[in-house]
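A.B. asks: Next up is a structure, given as structure tokens.
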Amino acid sequence: MLGGQYYLIAFILAVIVVWFTTPLINHWGRRAGYVDQPSARKMHHRPMVRLGGVSIFLGSLVALLVVWNLGAFGAMSTKGEWEVWGVVLGGLAFFGIGLFDDLFDLSPFSRLLAQVAIASLVWNMGVRIDFFTLPFLGNLVYLDILSLPITVIWLVGLANAINWIDGLDGLAAGVCGIAAVVLFVLCLFMEQSEAALIAAALAGGALGFLRYNFNPAQIFMGDGGAYFMGFTLGAVAVIGLVKVAAMATVAVTAVLLPYLVLAVPILDMSVVILSRVIKGKSPFKADKGHLHHRLINAGISHRLTVLFIYALTLWAGSLALGFSNIPSGWGFAIGATLLLIYLGWQVWRNSRNVEEQD
């Protein structure tokens, strides 16, 4: 296992880089006119620069390059090195797709085609889902030729799921930051040092960005930031958790952990797609059917909506900690459950007050 200083360096460096670069990017974006204009579907009421993902990407990349130079990845096998390069280069490519869309407005088909192509290349570099487990039975089912399409669906789907929940100030950054921290703890416990390092850098980038992105936001992350964080979270989950389930010393429940950690964006996207299909609409046509839209429409304040979804993410992640048998994991899950109950009660009380006023 690596020394704890590497993880701390990666996290702190990412935070520092994001803190110092975000104002510069915001200033340049306003001068260049790269802003997101208000509309009936969107929740903001003034033009906002949508290039904050540049700082998140730079922070994470600089952090990883520094710890790499310090020797943090030095003990990797050739196979492990290819997987790490797959995550880093894949994250770069997904960021590039999103940034290009932020600047020049790509068509949905072009974005999807590029994402599928990159995810397929990353699969070829070893970032792949080769098996799944039957819940509570403990049996591994190997996917064989289905490995490629399932891996692509996972990586592309998660990148877009994070992009879809990026509808309120601080929402996507906070959800990704929480998920990255949970993934970091799980990967560390599973002795997957490389995946834990990437998760630490991503957590620093996401949480550092909240300084400028939490309500009231000064800047948006844009598609570049959302695609980068969504892909990287999905890829870290694959190399850090899914693959270790094949080891005799690790319970096969490890295969299920990523779905718990990332349950909120996954379920939000799944419910929205299903509701659109049922209504006879295109699943890719934007609307106000997401969880955060529903809470806002029920009269819940912007901040309480974001905090409640944070609590949901933390609660789902805490269940992953408990099921992985991490010491005090279930104790943490109890604390997260109490927090969720408290914020859920606040949401219910506020919605009732709105109904009474109407």
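The values are calculated or read from the model by the stated rules, or taken from the named source; none is laboratory data. Please read these numbers as outputs of a predicted model, since none were measured by experiment. Cβ atoms come from the backbone with ideal geometry, glycine included; neighbour counts cover every protein chain shown. Keep in mind that these areas ignore ligands, DNA and RNA; they rest on the heavy atoms of the full protein, side chains included. Shrake-Rupley method; radii C 1.70, N 1.55, O 1.52, S 1.80 Å.
A.B. asks: Beyond 30 Å, what percent of the Cα pairs of the chain remain?
C.D. replies: Result for the distance tail: 34 percent.
A.B. asks: Which value in Å does the Kirkwood hydrodynamic radius of region 131-207 take, with 1/r averaged over all unlike C-alpha pairs and then inverted?
C.D. replies: 14.4 Å is the Kirkwood radius here.
A.B. asks: With no solvent and one equal point scatterer per Cα, compute the Debye intensity ratio I(q)/I(0) for region 199-354 at 0.13, 0.17, 0.18, 0.19 Å⁻¹ and report its log10, rounded to two decimals.
C.D. replies: -0.78, -1.27, -1.37, -1.44
A.B. asks: Another question, if that's okay. In terms of the Cα gyration tensor, with a ≥ b ≥ c the square roots of its eigenvalues, is region 264-358 rounded because a/c is under 1.5, prolate because a/b exceeds b/c, or oblate? Intermediate results must be reported in sequence, preceding the final value.
C.D. replies: Values: a/c = 3.41, a/b = 1.31, b/c = 2.60.
Oblate.
A.B. asks: I've got another one for you. For Ser275, what charge total do you get from the other residues with a beta carbon under 10 Å from its beta carbon, if Lys and Arg give +1 and Asp and Glu give -1? Walk me through the numbers before you get to the answer.
C.D. replies: Details: positive: Arg276, Lys279, Lys281; negative: Asp287.
With Lys, Arg at +1 and Asp, Glu at -1, the neighbours total +2.
A.B. asks: Now for a different question. Could you give each residue of region 95-107 its phi-based ³J(HN,Hα) in whole Hz, using Karplus coefficients 6.51, -1.76, 1.60 with θ = phi - 60°, and x for Gly or Pro?
C.D. replies: Using θ = phi - 60°, the values come out as 4, x, 4, x, 5, 4, 5, 4, 8, 10, 6, 6, 6 Hz.
A.B. asks: Tell me the relative contact order for the chain as a rounded percent, counting alpha carbon contacts under 8 Å between residues six or more apart.
C.D. replies: Normalised by residue count, the contact order of the chain is 21 percent.
A.B. asks: Here's a follow-up. Relative contact order for region 102-185: what is it in percent, counting Cα pairs under 8 Å that are at least 6 residues apart?
C.D. replies: It rounds to 22 percent for region 102-185.
A.B. asks: What are the residues whose amide H is under 5 Å from the amide H of Val49, where those residues sit 5 or more places off or on another chain and H is modelled from the backbone?
C.D. replies: Amide H to amide H, under 5 Å and 5 or more residues apart or across chains, Val49 pairs with Asp36, Phe220.
A.B. asks: Okay, next question. Taking Rh as the Kirkwood radius, which is the inverse of the mean 1/r over Cα pairs, what is the Rg/Rh value for region 91-232? Present the calculation step by step, with values, prior to reporting the outcome.
C.D. replies: Numbers: Rg = 16.1 Å, Rh = 16.1 Å.
With Rg and the Kirkwood Rh in hand, the quotient comes to 1.00.
A.B. asks: As a check on your grasp of the helix formula, calculate [θ] at 222 nm for the chain: sum -39500 (n - 2.57) over DSSP H runs of n ≥ 4, divide by the residue count, round to the nearest 500.
C.D. replies: Details: 13 runs with 244 residues, N = 358.
Value at 222 nm, helices only, nearest 500: -23000 deg cm²/dmol.
A.B. asks: Just to confirm, what accessible area per residue do you get for the chain at 1.4 Å probe, in whole Å²?
C.D. replies: Value returned for the chain: 45 Å² of accessible area per residue.
A.B. asks: In addition: Given a cut-off of under 8 Å on Cα pairs at least six residues apart, what relative contact order in percent is computed for region 294-351?
C.D. replies: Numbers: 45 pairs, mean separation 23.8, N = 58.
So the answer I get is 41 percent.
A.B. asks: Considering only protein heavy atoms and a 1.4 Å probe, what is the carbon-and-sulfur percentage of the accessible area of the chain?
C.D. replies: On the chain, the fraction of accessible area on carbon and sulfur atoms equals 67 percent.
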